[in-house]
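Colleague: Would you mind keeping the following structure in view while I ask a few things?
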Amino acid sequence: MARRRSRSPVVPGAGQGLDRLKAEVMRRQGYAVQDARPDLVKYEVARSLGIPLQGTGNNQQLTTEQAGKIGGPIGGSMVREMIRMAQEHLAKRQP
């Protein structure tokens with residue numbers, strides 16, 4: 001049986017910080033992001049890619065490839081930014 005994916009951050013209380021990071025990163029890429037609801041940027045990404053993501057319902061019509069094309073730019077951008085931040089932090093710590 002496949003494990004169900006948890007959508008909560010591993011670190012308790014990190015959700016707000018991740019939301020701020022998502023908003024900042026996606027805004028830099030030219031997407032309109034609401035500070036109060038950065039999770040809604042996925043609809044703008046989907047629209048820009050021509051993928052029919054719906055706000056209501058379960059989006060069963062989407063293929064795995066389409067879902068990846070929506071989430072990939074968001075998550076990938078966030079990971080790249082976190083790596084950049086970590087490298088910058090480490091560089092400052094070295095004598």
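The values are calculated or read from the model by the stated rules, or taken from the named source; none is laboratory data. Since the model is a prediction, treat every value here as computed from it, not as a measurement. All Cβ positions, even for glycine, are placed from backbone atoms using ideal geometry, and neighbour counts span all protein chains on display.
Colleague: Counting only residues that are free of Cβ contacts under 8 Å to residues at least 24 places away in the same chain and β-branched (V, I, T), give me the helices (runs of 4 or more DSSP H) lying completely in segment 1-93 with at least 3 of them.
Modeller: So the answer is 64-93.
Colleague: If I filter segment 28-42 for residues that are surrounded by 11 or more Cβ atoms within 10 Å (Cβ to Cβ), within 14 Å of the chain's Cα centre (by Cα) and closer than 13 Å to E81 by Cα, do I get at least one hit?
Modeller: yes
Colleague: For segment 4-15, what are the residues that are surrounded by 10 or more Cβ atoms within 10 Å (Cβ to Cβ), over 24 Å from T64 (Cα atoms) and not aliphatic (A, V, I, L, M)?
Modeller: Listed by number, the list holds a single entry, G15.
Colleague: Oh, and also: Would you pick out the residues in segment 47-83 that are over 19 Å from K22 (Cα atoms), aliphatic (A, V, I, L, M) and at pLDDT 90 or above?
Modeller: Scanning segment 47-83 gives a single hit, I51.
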